[in-house]
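Participant: Before I ask anything, let me first share the structure, which is written out below as structure tokens.
The values are calculated or read from the model by the stated rules, or taken from the named source; none is laboratory data. Nothing here was measured: the structure is a model prediction, and the numbers come from that model. Reconstructed Cβ throughout: ideal geometry from the backbone, glycine too, with neighbour counts over all protein chains shown. Just the protein is used for accessible areas: all its heavy atoms, side chains included, with ligands, DNA and RNA removed. Shrake-Rupley method; radii C 1.70, N 1.55, O 1.52, S 1.80 Å.
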Amino acid sequence: MATPRDSWLLVTVTTAGAPATLRVTVWRKLKALGALYLQQSVCLLPALPAVGQELDQLTQRVNSEGGAIRVLAISVTDLEQDAALRAELRAARDAEYGEVLERLPAFFAELEMETARGRTTFEEVEESEADLARFRSWLAKIDARNYFDAPHAVTAHQQLTGAEEAMRRFTEQAMAADEPLHRPRSPSRRLRSARPPGDAGHRAKGC
């Protein structure tokens, strides 16, 4: 984790004259990294190894497609300004975690509703598992750019754990509901069903 005197990475990018797709690529990559924009085409990121590696790859892409990019290591010597930058990045991530927390109750409500309706089916399990996978992926992306311990991260992960537990119970209920379709018949019933047609009459004649 970065400390107040660690360097920051100042990134400036221009895609003028480059393919239009490059501008989208740059925008998506910097947003995914959680860049703090100071002004158009100028942003700030913490100087962490993983961030530097991502920016190295972006630099190669921009240069190869006719754009221009600079990544400068800078130090913010004023501790209050440094703290303000961190707080702004932390607040941005907290807002993203907050959105996850706003959406998760709908997942719980959906499982409860389907359970109350008696619709604990394999199809519902598949749909709910897909929804849960999207929440996992969403949180993982936010975690990757949560450089300064946003407070809502803990709550978001606790709620995800609760969602996984609810999904486990829902799946077990679906399996229990489906079980009679696959439960083996009693031994006597299997023997009777396996007896060739006319076998009973044949035995009667032989007595």
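Participant: Mind checking which residues of the stretch 114-127 are modelled with pLDDT under 90 and either of a type in the set (Phe, Trp, Tyr) or open to solvent by 90 Å² or more (accessible area, probe 1.4 Å) (or both)?
Facilitator: ARG119
Participant: Please name all residue pairs, on different chains or six or more residues apart, with Cβ atoms under 9 Å, provided the first residue is in the stretch 53-66 and is modelled with pLDDT of 95 or more and of a type in the set (D, E, K, R) and the second residue is surrounded by 15 or more Cβ atoms within 10 Å (Cβ to Cβ) and assigned to a helix (DSSP H, G or I).
Facilitator: Correct list of pairs: GLU54/LYS29; GLU54/LEU33; ARG61/LEU22; ARG61/THR25; ARG61/VAL26; ARG61/LYS29; GLU65/LEU22; GLU65/THR25.
Participant: Here's something else I'd like to know. Would you mind stating whether THR3 is modelled with pLDDT under 95 and of a type in the set (Val, Ile, Thr)?
Facilitator: Here the answer is yes, as THR3 does meet what is asked.
Participant: Scanning the stretch 95-113 for residues that are of a type in the set (Asp, Glu) and free of Cβ contacts under 8 Å to residues at least 12 places away in the same chain, which turns out least open to solvent (accessible area, probe 1.4 Å)?
Facilitator: Residue satisfying both the conditions and the ranking: GLU99.
Participant: Let me ask another. Looking at (1) farther than 17 Å from ILE142 by Cβ; (2) out of contact with any strand residue (DSSP E or B) (no Cβ under 7 Å at 6 or more places or on another chain); (3) open to solvent by 50 Å² or more (accessible area, probe 1.4 Å); (4) modelled with pLDDT of 95 or more, which one does LEU22 not meet, given that it meets all the others?
Facilitator: So the condition that LEU22 fails would be (3).
Participant: Criterion first (closer than 22 Å to CYS43 by Cβ, open to solvent by 50 Å² or more (accessible area, probe 1.4 Å) and in contact with a helix residue (DSSP H, G or I) (Cβ under 7 Å, 6 or more places away or on another chain)) does VAL76 satisfy it?
Facilitator: No.
Participant: Hey, among LEU191, LEU139, LEU181, LEU160, which residue is closer than 15 Å to ALA95 by Cα and either modelled with pLDDT under 95 or open to solvent by less than 60 Å² (accessible area, probe 1.4 Å) (or both)?
Facilitator: Among LEU191, LEU139, LEU181, LEU160, only LEU139 is closer than 15 Å to ALA95 by Cα and either modelled with pLDDT under 95 or open to solvent by less than 60 Å² (accessible area, probe 1.4 Å) (or both).
Participant: Only one of (1) open to solvent by 60 Å² or more (accessible area, probe 1.4 Å); (2) within 27 Å of the chain's Cα centre (by Cα) is not met by GLN39, so which one is it?
Facilitator: (2)
Participant: From the list TRP8, TRP27, which one is among the aromatic types (Phe, Trp, Tyr), closer than 22 Å to ARG93 by Cα and more than 27 Å from the chain's Cα centre (by Cα)?
Facilitator: TRP8
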